[in-house]
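Please treat every number below as a calculation from the coordinates, not as lab data. Note that this is a predicted model, so its numbers are computed, not measured. Cβ placement follows ideal geometry from the backbone for every residue including glycine, while neighbour counts extend to all protein chains displayed.
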Amino acid sequence: MSVTPSSPAQQAPAATLGLMTLFAAVLKRDLHVGMRRWTDASNSALFFILVLALFPLALSPKAEVLRMIAPGVIWIAALLATLLSLHLLFRADLEDGTLEQLLMLPYPLGWILLAKTLAHWIITGIPVVVMAPILAVTYHLPASALTVLTFSLLLGTPTLSLLGSIGAALTAGLRSASVLLAFIVGPLMLPVLMLGARATDLALAGEDPTGPLYLLGALLMLAVSVVPFMAAAAIRVSAD
Amino acid sequence: MWTWFFRLASPPHFYALAGTLSNWLLVPALILVGVGVWGGLVLAPPDYQQGDAFRIIYVHVPSAYLSMMIYVTMALAGAIGLIWRIKLAHAVAASCAPIGASFTFAALVTGAVWGKPMWGTYWEWDPRLTSELILLFLYFGYMGLRGAFENLNQADRASAILAIAGVVNVPIIHFSVIWWASLHQGPTLSKLEAPSISWDMLWPLLTMILAFTLFFLGVLAMRVRGEVLEREVQSRWAQDVLRGATAASIR
Amino acid sequence: MLAGTNLTLWRETTRLFEGLSFILPPGSALLIEGPNGAGKTTLLRVIAGLTMPESGSVTWNGTDLRSQLQSGVLQLAFFGHATALKPEISARANLQFFAQLAGQPARVDELLQVTGLAACADLDVRLLSAGQKRRAALARVLLSGAGLWLLDEPQTNLDKAGRQLLQRAVQTHLGGGGTVVVAAHQALDLGSAPVCRLMLGMD
């Protein structure tokens, strides 16, 4: 077997990928790996269903009661499901050394982490967004409120994943970090929770929900622009 | 001029300086507390709506103000430590956390005590108290994260990042909570909005705020001394200090 | 040219190294030796820019190594204890990802041949033996086209043929003007390249 060097070892800069291609490559791989670990992904979806089953059992199955609590309860269930799935986001990559390899590449780390977080949201967040309206029917939410609920979750759950990624990055190297993660990241997620629940409440009452929905969109934009830098700094600390 | 700044950042110099500083801060703090308490409890007239119950603001408002100011200080110190890699800044941030959490707790308790005569219960989800509760969680998250790292350097940097994320969020959370409370037309704890607070009531409040701030700085100086000593325990200057202290206590 | 200047690192209360300096011209190797826990891996990580030293700096051609990495002027290959292979996907898929990031997507098949993994390339990595995983990680190093190789106990889990492969790869890399830093227990035949030896953990 002979070994040929790929380029003069005293090297010239190799061709580096454009940002979009990099994003797509990381996204594709994380989706590929994530699909294989589907038991992890389904955990958060199952938890979402479980929480929503608990409230009627513990409170009351009456339609008026359920309809009234539905916006808040469904949003809480979505938030808890996100918190549950977050610790997986960077842990495996840190443990098997992938993260270190990515750190040593000439690519912006924040961009790579954004692709990873998107992959994570696609696997754990989209099932929640899809199931929410179905389960909301069991809470007797009318159709008008269902659309707003789904749309608010669509805007809000990516923000939750992004905010959570900071906590996941900070705790990636720690043992038994789940509760700590929830504590760190929980307060940051509160505005999203309040806006999402409020938007649905307004729709339920027949009023205009666009105010909170716009704010949710604004928070998402803010998160996408700011979080990658913080998560990148946090990952460098965890990989130390 | 910058040599002064970097000299300050050197642990043994800071240790010595903070020692004198804390005395100079705590004594005036105690005096001002006395003055403020006298002004607030004795001199200020009872409120036309709340009677004497409003007087709790002389402890509640300074505590709440400090709980937020300390969080910002903690985040700022962490940022300085992170960007310029000054170890002392991290020691300051670490020392701030328990003090800030205590003030937050004090604000919550005094808020509940104030609530009883006003609302009849110890807790209503008033926007100020709810914000304070969330701030308490932020402090606990910070301290929890710190404690979870074995490596001190990692703990310093990770908690600095968390504090910065928190500081960016605190205004967002604060306004969200106010907006949420306004929707539900709940009761609010306030003497200060209105109509307008009279000077008789105001000056003791400002005195107490100043007193609490000096107290915080004095206690912070003491804590940072201890923190710095612990971090540098292996170094010569720290060994000298400890040996000196032991010798003094034996005498 | 790799240079470390005045590097100091403490771990908790142990001083791992202090005031450490070295210069490594192209085509030469730095061999880091020492007992377990002496800080060999940590020094490698400091050079790689993963761990920050208390003081001192690591430079490549005179400029800070980390910034050279980030601007793409220098590429680094780190062959450490962790293989950086995702167990749930195949060796081929793993290598294709890294090949794409290194701008060398076409070389995956060739390297699978060279490292003797052509037969098991499409099996999920979790089904491979430890030796095969190490070869796949080695393939990743070869793919990277990096000028600087950092190897941490590279011979672990490699059988005789694997070790020969490793030695040939390292010698070819050095012969082509590349730089290698190795932390090792066992002797690694570095051929005729100039070797600088560094002993850690002796006080």
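The table below lists the values:
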item: Separation between Cα centres of the range A:86-122 and the range A:125-184, rounded to whole Å; result: 20
item: Relative contact order %, the range A:38-238, counting alpha carbon pairs below 8 Å whose residues are six or more apart; result: 28
item: Under the span-like rule (Cα at least 30 Å along the axis, Kyte-Doolittle mean at least 1.6), DSSP H helices of chain C; result: none
item: Cβ-based exposure ranking for B:LYS87, C:LYS86, A:LYS28, in which fewest neighbours within 10 Å come first; result: A:LYS28, B:LYS87, C:LYS86
item: 0 to 90° range, to nearest 10: angle between helix A:38-58 axis and chain A longest Cα axis; result: 20
item: Summed residue charge, Cβ within 13 Å of A:ASP40's Cβ, Lys/Arg positive, Asp/Glu negative; result: +1
item: Footprinting exposure proxy for C:SER192, B:SER131 (fewest neighbouring C-beta atoms within 10 Å first); result: C:SER192, B:SER131
item: Furthest towards positive pole of dipole, B:ALA79, B:GLN154, B:PRO12, structure part chain B, Cβ charges; result: B:PRO12
item: Translational diffusion of the range A:38-238, µm² s⁻¹ [Kirkwood Rh, Cα pairs; Stokes-Einstein; 20 °C; 1.002 mPa s]; result: 124
item: Among B:SER102, B:SER63, B:SER176, residue whose mean-square fluctuation peaks in a GNM of chain B (springs only between Cα atoms under 10 Å); result: B:SER176
item: Shielding of A:188-199 by partner chains, average beta-carbon count, 10 Å; result: 4
item: Convex hull volume per residue for the range B:78-142, taking Cα atoms only, in Å³; result: 74
item: Least to most buried among A:VAL33, A:VAL179, B:VAL92 (fewest other Cβ within 10 Å first); result: A:VAL179, A:VAL33, B:VAL92
item: Rounded FRET efficiency, nearest 0.05, which uses the C-beta distance separating B:LEU17 from B:TRP38 and R0 of 35 Å; result: 0.60
item: Average partner coverage of C:172-185, which counts Cβ from other chains inside 10 Å; result: 2
item: Most mobile listed residue (C:LEU188, C:LEU101, C:LEU16) in chain C, GNM with C-alpha springs under 10 Å; result: C:LEU101
item: For residues of C:61-69, the mean tally of beta carbons on other chains within 10 Å; result: 1
item: Exceeding the 30 Å Cα-Cα cut-off - candidates A:LYS28/C:LYS133; C:LYS40/C:LYS160; A:LYS116/B:LYS87; C:LYS40/C:LYS86; result: A:LYS116/B:LYS87
item: Centroid-to-centroid separation of the range C:77-144 and the range A:194-240 [C-alpha atoms, Å]; result: 39
item: Debye intensity ratio I(q)/I(0), log10, chain C, q values 0.12 Å⁻¹ (C-alpha model); result: -0.61
item: Between the range B:38-56 and the range B:115-157, the alpha-carbon center distance in angstrom; result: 29
item: Nearest-ten-degree value, helix A:109-138 long axis tilted from longest Cα axis of chain A; result: 20
item: Acute angle (nearest 10 degrees) that the helix A:178-204 long axis makes with the longest principal axis of chain A, alpha-carbon atoms; result: 50
